[in-house]
Amino acid sequence: MDGLDCPSCGSDDVRGERNPGGTITLTCQSCRTSWDRVPRPSCPRCGKSDVEEYGAQEWEYDDPAAGEKDPEAPGRARGGRTFRCRRCHNTWGQAR
């Protein structure tokens, strides 16, 4: 299962089940420990999961005038996330 080992017993005999919310519940077949994880995004071009997230697609400053002077001014993401594949260098966005 892509190197996922049980955090309790270390077994690699782990099975996963997708949940409606997008998480995956993993269950160790040896000791029956269960835990949830968020799946990594995979590249829509090459299918690899060697992906980096590098920021929000749109940023909204709390005070637009302060944002013009200081790029570190307080604000929040308004759009989705932006990803880049480290293998094929494809870039894409994902709505929230």
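Each of CYS46, CYS85 was scored by other Cβ atoms within 10 Å of its Cβ. Listed from fewest to most, they are CYS46, CYS85.
Calculated FRET efficiency, SER11 to ARG37, Cβ-Cβ distance, R0 = 22 Å: about 0.85 to the nearest 0.05.
Bear in mind that the values in this text are calculations on the coordinates, not laboratory data. In this text, all values refer to a predicted model and were calculated from it rather than measured experimentally. Counting neighbours? That spans all protein chains shown, and the Cβs are built from the backbone with ideal geometry, glycine included.
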